[in-house]
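Step one of this worksheet: look at the structure below.
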Amino acid sequence: MGDGRSIRWGICGTGRIANDFAAALTFVDDAELVAVASHEGTRAEQFARDHEATRHHVGYESLAADEDVDVVYVATTQNRHVDDTLLFLGAGKHVLCEKPFALGLPDAQRMIEGAVASGRFLMEALWSRFLPSYVALKKLLDDGAIGEVLHVDANFGFRVPDEKIDGHRLFDPARGGGALLDLGVYPVNLAHFVLGRPCSVVANGRLMENGLDEHSNLQLAFAGGATAQLHAAIRTPCTNRGRIAGTKGTIDIDAFMHAANRFTISIDGEQEVFDFPLASLHFQVPEVHRCVRAGLIESSSMSHSDTLAMMGTLDSAAAQIGIQFQ
């Protein structure tokens, strides 16, 4: 990839997040959307037309065999992530896999082992980490702007209307629904991003009749005594904000905390507001390109160990709450 040409993308899936990603790719000069794949030919054809992709494929195996595709964005539902990712890695493609990375730690480990075996790049698409707001946040924390961080508080949730529940993926055990994996991954990401891997996880929540959680609460403890309080919900609205508390002050992240374009730092009664560009999925793409061109199989900003640590936290919480997928 050192020849200066554009990096050629394929997209696996044609849902909302796939559409958002395809639109975001247009903001990256050296990215080219070459192909899209769906099991439904009409959806793939329409998607390719809407986003000016060169061609469309019926079936993911056909996309995997496309020699003009360098990187595949896996945008299927999380129950498919392990199989789809391994398919593309096995075909010699680099992969950016939508979050949550997998339904559990064993599948996540298999995916990473597949990247190692194939020598291809693999990253979980936790796009929040690459937003200008999160990059600036990390620098402030690393510089000690609010002292030693002792607590993170974050929540993400909304109420899905009753009339929309039937057939909704968040209420479908077969597609890995529920609050914890789909929404809770963002508060968990913030806690890991700021404090690293926790040494203990205590979780509780409320289960629906189908075995999925309609809300989950996590309490994390970290070496040195820091803590985190996290919440996710799909039947009750949340503030969707985040707070990082240190020994010198606090940083309050505006809603939506996972897609923040504003936060406020407060120290000794004085406040400073930081504004950033609107959130977009494209901010993660240059990092994928950098790693692919450098021949890396993982990013230091969202490493394989980062993904496994987060998956471990989510796994522990799911087991304590009793969440069941089909």
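The values are calculated or read from the model by the stated rules, or taken from the named source; none is laboratory data. Quantities reported herein were computed from a predicted structural model and do not represent experimental measurements. Note: ideal-geometry Cβ built from the backbone for every residue, glycine included; neighbour counts use all protein chains shown.
In table form, for the structure just shown:
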| quantity | calculated |
| --- | --- |
| Looking only at region 1-46, and only at residues there that are aromatic (Phe, Trp, Tyr) and crowded, with 22+ Cβ neighbours inside 10 Å, the one that is nearest to the chain's Cα centre (by Cα) | 21 |
| Tally, over region 54-103, of residues that are surrounded by 22 or more Cβ atoms within 10 Å (Cβ to Cβ) and of a type in the set (Gly, Ala, Ser) | 2 |
| Filter result for residue 204 (at positive phi and either in contact (Cβ under 8 Å) with a residue 60 or more places away in the chain or out of contact with any Leu (no Cβ under 6 Å at 6 or more places or on another chain) (or both)) | no |
| When residues of region 226-253 are limited to those that are farther than 30 Å from residue 163 by Cβ and basic (Lys, Arg), the one surrounded by the fewest Cβ atoms within 10 Å (Cβ to Cβ) | 248 |
| Criterion violated by residue 53 - all others in (1) in a loop (DSSP other than H, G, I, E, B); (2) among the hydrophobic types (A, V, I, L, M, F, W, C); (3) touching a residue at least 60 places away in the same chain (Cβ under 8 Å) satisfied | (3) |
| Residue count, region 211-234 (criterion: over 20 Å from residue 149 (Cα atoms) and either under 21 Å from the mean Cα position of the chain (by Cα) or not assigned by TED's automatic domain parsing to the domain that holds residue 171 (or both)) | 9 |
| Condition broken by residue 37, with the remaining ones in (1) outside any strand (DSSP E or B); (2) in contact (Cβ under 8 Å) with a residue 24 or more places away in the chain; (3) within 19 Å of residue 93 (Cα to Cα) satisfied | (1) |
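Here's the yes/no breakdown for (1) surrounded by 13 or more Cβ atoms within 10 Å (Cβ to Cβ); (2) in contact (Cβ under 8 Å) with a residue 24 or more places away in the chain; (3) within 24 Å of the chain's Cα centre (by Cα):
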residue	(1), (2), (3)
132	yes, yes, yes
142	no, no, yes
152	yes, yes, yes
162	no, no, no
165	yes, no, yes
170	yes, yes, yes
